[in-house]
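**Q** Below is one structure. I have some questions about it.
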Amino acid sequence: MIAVSPRQLEVFAAIAALGSVRGAADQLGLTQPAASMALAELERLLGAPLFDRRRRRLHLNEHGRALLPKARDIVERLRDLVAPDAMPSDAPLAIGASNTVGNYLVGDLLGGFVHRHPGARLRLRVGNTAEIVAAVLDFSLDVACIEGPVSNAELEGIPWREDELVVCVRPDHRLADRKRLRAGDFEGERWILRERGSATRGLFEQAASRALGAIDVALELGQSEAIKQAVTAGLGIACLPRVAIGDAVAAGRLVPLRTPFLPLRRTLSLIVHRGRHRGATLRAFLDQALA
């Protein structure tokens, strides 16, 4: 049995968060030599270094990145035994958000929690839905908000709010003034879509395959803002979250189209790994987000 101690894991997690042994020692009330010894012993027991040393700073290496979420989970479970309602200041809550949420709804997602718990530390990672789901599955993220459906049995999905995609064109496009559109009106159009792995792309392609048939994907871009610029430049038409185009519509740069033949509504969901311990910070975040 490997004799890894909770203190060693606690020191490791603190160093990972702060980037230095001195900072971790001060935070945990240890001497710097004691913290250094705890890290050295942990690395000896595991048979591999956990940090790269660069410019007097410690940077997690591949082994450290793999260990960190597991170490934090163990430390948090042990802390919960003693103080189940305490929010530790040395362990930021790692939150993920798919691009629509992270770029346009981050205030709605985080604002209430930050105002209610100003001392809590948060770390936000934004990416496409596939990337964010993978990070929750490997415990790199504690919780996330995504646009797509939750299909993995290891994840719990909690509905957060409704969202809608809309097809949009620039104001001088031939379809911009049409009051009643049919699926056939889109024949020959060039589409600008998000990259594969994006939930926005997935939902649109699913709806389009039924209503429009084969479509011409002229351009793939990784961000909604880039797609808006491309549509404005006349490079094609797009399907984007309504919340993402509000400013461009108000400024007269984009026109949303009415397409009742395309089912483009979806539910944004919070996801948590079923094996993830729900400590005080995570519980408070979920309670606030769902209030």
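The values are calculated or read from the model by the stated rules, or taken from the named source; none is laboratory data. Keep in mind the model is a prediction, meaning the values are calculated, not measured. Cβ: placed from backbone, ideal geometry, glycine included. Neighbour counts: every protein chain shown. What goes into the accessible areas is simple: the full protein's heavy atoms, side chains included, and nothing from ligands, DNA or RNA. Shrake-Rupley method; radii C 1.70, N 1.55, O 1.52, S 1.80 Å.
**Q** Outside any helix (DSSP H, G or I) and either open to solvent by less than 60 Å² (accessible area, probe 1.4 Å) or of a type outside the set (S, T, N, Q) (or both) - does that describe any residue in segment 32-42?
**A** No.
**Q** If you take the residues of segment 72-92 that are of a type in the set (A, V, I, L, M, F, W, C) and farther than 12 Å from Ala17 by Cα, which of them is modelled with the lowest pLDDT?
**A** Within segment 72-92, the match that is modelled with the lowest pLDDT is Ala86.
**Q** Is it the case, given these coordinates, that Ala24 is open to solvent by 60 Å² or more (accessible area, probe 1.4 Å), in contact (Cβ under 8 Å) with a residue 12 or more places away in the chain and in contact with a Leu (Cβ under 9 Å, 6 or more places away or on another chain)?
**A** Here the answer is no, as Ala24 does not meet what is asked.
**Q** Can I ask one more? For segment 151-181, give me the residue count where each residue is among the aliphatic types (A, V, I, L, M) and surrounded by fewer than 14 Cβ atoms within 10 Å (Cβ to Cβ).
**A** 1
**Q** List the number of the failed condition for Ala226; all other conditions in (1) closer than 21 Å to Arg265 by Cβ; (2) without any contact (Cβ under 8 Å) to a residue 60 or more places away in the chain hold.
**A** (1)
**Q** If the Cβ limit is 9 Å and pairs must be 6+ apart or interchain, which residue in segment 184-195 that is under 8 Å from Leu219 (Cα atoms) pairs with which residue that is surrounded by 15 or more Cβ atoms within 10 Å (Cβ to Cβ) and polar (S, T, N, Q)?
**A** From segment 184-195, the pairs are Leu193/Thr200.
**Q** Also, I was wondering about something else. Among (1) at pLDDT below 95; (2) assigned to a helix (DSSP H, G or I); (3) over 22 Å from Ala134 (Cα atoms), which single condition is Lys179 missing?
**A** Among (1) at pLDDT below 95; (2) assigned to a helix (DSSP H, G or I); (3) over 22 Å from Ala134 (Cα atoms), Lys179 violates only (2).
**Q** Still on this structure: Here are some conditions: (1) in contact with a Gly (Cβ under 7 Å, 6 or more places away or on another chain); (2) in contact (Cβ under 8 Å) with a residue 40 or more places away in the chain; (3) over 21 Å from Ala135 (Cα atoms). Leu78 meets all but one. Which one does it not meet?
**A** Status for Leu78: all satisfied but (1).
**Q** Which condition number does Val167 fail, the rest of (1) over 30 Å from Ala251 (Cβ atoms); (2) among the β-branched types (Val, Ile, Thr); (3) touching a Cys at 6+ places or on another chain (Cβ under 6 Å) being met?
**A** Condition not satisfied by Val167: (1).
**Q** While we're on this one: Out of all the residues in segment 26-42, which are of a type outside the set (A, V, I, L, M) and within 14 Å of Pro6 (Cα to Cα)?
**A** Scanning segment 26-42 gives a single hit, Glu41.
**Q** Where in segment 213-261 are the strands (runs of 3 or more DSSP E), entirely inside, with at least 2 residues that are open to solvent by 50 Å² or more (accessible area, probe 1.4 Å)?
**A** 216-221
**Q** State the number of residues belonging to segment 182-212 that are in a loop (DSSP other than H, G, I, E, B) and either in contact with a Pro (Cβ under 7 Å, 6 or more places away or on another chain) or open to solvent by 20 Å² or more (accessible area, probe 1.4 Å) (or both).
**A** 8
**Q** Just need a number here: residues in segment 123-147 that are without any contact (Cβ under 8 Å) to a residue 40 or more places away in the chain and either more than 19 Å from Leu105 (Cα to Cα) or small (Gly, Ala, Ser) (or both).
**A** Within segment 123-147, residues that are without any contact (Cβ under 8 Å) to a residue 40 or more places away in the chain and either more than 19 Å from Leu105 (Cα to Cα) or small (Gly, Ala, Ser) (or both) number 3.
**Q** Does segment 264-283 contain at least one residue that is of a type in the set (A, V, I, L, M), crowded, with 16+ Cβ neighbours inside 10 Å and under 18 Å from Arg190 (Cβ atoms)?
**A** no
**Q** When only residues in segment 93-129 that are out of contact with any Ser or Thr (no Cβ under 7 Å at 6 or more places or on another chain) and among the basic types (Lys, Arg) count, which is modelled with the lowest pLDDT?
**A** Arg123
**Q** Let me ask you something else. Output the number of residues of segment 166-176 satisfying the condition of being within 19 Å of Ala218 (Cβ to Cβ) and outside any strand (DSSP E or B).
**A** The total comes to 6.
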